[in-house]
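Reviewing the structure listed below.
Quick note: the coordinates plus some simple rules give every number you see, no bench work behind them. What you see is a predicted model, and the numbers here were worked out from it, not measured in a lab. When we count neighbours, we look across all protein chains shown, and the Cβ atoms used for this are built from the backbone with ideal geometry, even at glycine.
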Amino acid sequence: MEGRQISFIIRATYDVLPTPKNLHQWLGEDPSCALCQTPATLRHILTGCKTSLSQGRYTWRHNQVLRQLAITLEGRRTTNNACPPPMPRHSKTTPFVRAGQPPAKPSARVEATLLDTARDWRMQVDLEQRLIFPPEIITTNLMPDLVLWSTSQKLLVIVELTVPWEAAVGEAYERKRLKYSDIAAEAEQRGWRAQVLPVEVGCRGFVATSTTKLLKGMGVRGQAFRQAVKSMSEAAERSSSWLWIKRKDPNWAAK
Ligand SMILES: [Zn+2]
């Protein structure tokens with residue numbers, strides 16, 4: 001990380017950046033947010049300012065992180081789809097053991113992933129253009145951040161990313177789970193097996209367990225796993241650092 005970036009993250013983590021609220025405490029300055037005039041803590045600037053929200057600042061940061069997640073999952077999807085067809089579950093046979101000999105050790109087992117049972121996974125990510133939910137599953141106005149589905153196996157995975165203030169990670173998880181539970185229920189009524197997986201990357205770059213679980217569940221391992229976590233963490237940090245730099249600028253144009 002660059003020095004300036006490290007400095008931002010450390011000061012953001014310990015809340016010692018010159019926010020209006022801190023400057024008010026330290027020097028008696030005006031505690032208001034330059035954009036919306038409410039008292040501005042770091043949490044307000046990075047995740048709670050209504051003006052920033054309506055200008056699309058938080059969506060811009062969210063999409064920076066989502067793009068990194070999508071790159072990783074797209075890699076897994078194409079690798080998985082290129083594998084030989086999966087073995088049917090019932091074809092497991094009992095290995096033959098000769099009398100008086102110990103059973104052979106099972107060969108190194110590849111851990112199961114969410115994608116294992118199908119080879120026709122498709123993926124849709126709500127990034128540049130406004131998408132609609134795959135109509136072959138259900139009709140809805142909601143569009144989650146990322147949808148993975150297999151038509152042949154009728155499997156649906158809904159991934160919804162939040163980039164919250166770190167202390168609000170659990171709250172964000174629950175909110176997103178509820179938001180998409182109706183879609184999952186409706187899809188299940190139509191014969192799909194649906195999973196809703198809310199994931200979070202904190203605005204100061206702390207990748208939540210929900211996110212690492214998703215990566216592992218998708219079969220992202222070893223070096224690829226570390227790289228995926230790092231890229232999401234850095235995307236959140238860099239974007240938050242940029243939002244901090246732009247905190248007094250009333251104009252916002254997503255770069
Ligand atoms: Zn504000």
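Here are the numbers for the structure shown:
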{"item": "Sorted by Cβ density within 10 Å, fewest first, the residues Trp192, Trp149, Trp242", "result": "Trp242, Trp192, Trp149"}
{"item": "Highest-MSF residue in the chain out of Lys176, Lys50, Lys230 [GNM, Cα springs under 10 Å]", "result": "Lys50"}
{"item": "Sequence-separation-based contact order of segment 12-55, relative, with Cα cut under 8 Å and 6+ spacing, percent", "result": "30"}
{"item": "Inter-part distance where segment 146-190 and segment 191-255 are each reduced to a Cα centre, Å", "result": "16"}
{"item": "Cα-based Rg and Dmax for the chain, where Dmax is the largest Cα-Cα distance (Å)", "result": "22.5, 86"}
{"item": "Helical contribution to [θ] at 222 nm, DSSP H n ≥ 4, -39,500 (n - 2.57), averaged over the chain, rounded to 500", "result": "-13500 deg cm²/dmol"}
{"item": "Selection from Gly75, Leu197, Pro135 lying farthest towards where the dipole of the chain points positive, charges on Cβ", "result": "Gly75"}
{"item": "Likely footprinting exposure, Ser241, Ser52, fewest C-beta neighbours within 10 Å first", "result": "Ser241, Ser52"}
{"item": "Candidates Arg11, Arg77, Arg98, ranked by Gaussian network fluctuation over the chain, Cα under 10 Å, top entry", "result": "Arg98"}
{"item": "Amide H contacts under 5 Å for Thr38, placed H, 5+ residues apart", "result": "Cys33"}
{"item": "Loop sites in segment 1-75: GluC sites (Glu not before Pro), DSSP, at most 15 other Cβ within 10 Å", "result": "Glu2, Glu29"}
